[in-house]
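To start, the structure under review is shown below, and the notes come after it.
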């Protein structure tokens, strides 16, 4: 049994799903859940075991749309009650159920993440009622049967454990093993989070000049070619590869700002775990695969966000694991060098976990 994209366990029968929903509703106003059901108009849907990566087109039939809150979202259910997809109000991140995949990194951890969640990017932010629109019916029909790389697959095209180079039609290397940054001569311990220097953005990895929508330009540094720091990695995946707009400041603007603290505060989408200060975030039940997670890891600054990653879901030990570009691994990692990549517990990154945003 796998976790559904909406954060609940998928059930084998509609009766179990209805019982679950009734239990949530009976919990009262504290949970804040409100839901309604609506039959689709026969535009076609996949079965409970089909979906992205399954290699099959969407099967004809009906499905239901269920409204949940905290955060407000629309969940698509198959005929047997299984989750097909989750769309969150104000966010472009869509999580669909598809073929199961396992992500691993033996170089840095024995842990693996097996998931049937496929993370896609909507053409615009979701709003309640979009399931009735023509654009959605066409998008959903095509995407349920889509086996092209999703956000997770694209992110792992940069794994520090070794990923093959990919080039575009112009010969530009757009994917392949990424590193974190140049060696920091002032730090001697290779397990120190500052051993490799920060400040490498997506255009440094690409080695190409970049012009932002406001007309500002950024020049790559030769010494940073093939490098991305934590926020630069998220901008590379979500921005350059997946099409979410980027801007070149740490202030409010259209799209992803530059640094982790600015993405947490001003990024697109919606906060699902607000940053409240110095305390470890523990409300992990609201997370879904693909959420950006944020950490305060600077000594003596427990309220300052200085690291970000991508939530992957539960690993094979039932722990909440994330994927981020880090110095000790010298690039993108889900591993445990110089701190385990976990949100729960009392390890280094778990203690520093502060907030989460759904793009």
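Label separation (residue 300 vs residue 346): 2.5 nm, computed from points 7 Å beyond Cα along the C-beta direction.
Put simply, when 210-223, 305-318, 99-112 are sorted by average Cβ atoms within 10 angstrom per residue, most first, you get 305-318, 99-112, 210-223. Listed by Cβ neighbour count within 10 Å, with the fewest neighbours leading, 258, 351 appear as 351, 258. With neighbours defined as other Cβ atoms within 10 Å of a residue's Cβ, the residues 261, 140 order from fewest to most as 261, 140. Extension gain, residue 163 to residue 222: 0.36 nm times the residue separation minus the Cα-Cα distance gives 19.1 nm.
The distance between label points at residue 286 and residue 199 comes to 3.5 nm (points 7 Å beyond Cα on the Cα→Cβ vector). Express in whole angstrom the spacing between the alpha-carbon centres of region 311-342 and region 92-156. First find each Cα centre; the distance between them is then 20 Å.
Which of the three applies to region 223-316, rounded, prolate or oblate, going by the alpha-carbon gyration tensor with a ≥ b ≥ c and a/c under 1.5 meaning rounded? Here region 223-316 falls in the rounded category.
Remark: 201, 300, 130, 116 ranked as 300, 130, 116, 201, counting other beta-carbon atoms within 10 Å and listing the fewest first.
Any read-out appearing in this document is the output of simple, stated calculations on the displayed coordinates, not a laboratory observation. Just so we're clear, the structure is a prediction, and the values are computed from it rather than from any experiment. Neighbour counts are summed over all protein chains in view; Cβ atoms, including those assigned to glycine, are modelled from backbone coordinates with ideal geometry.
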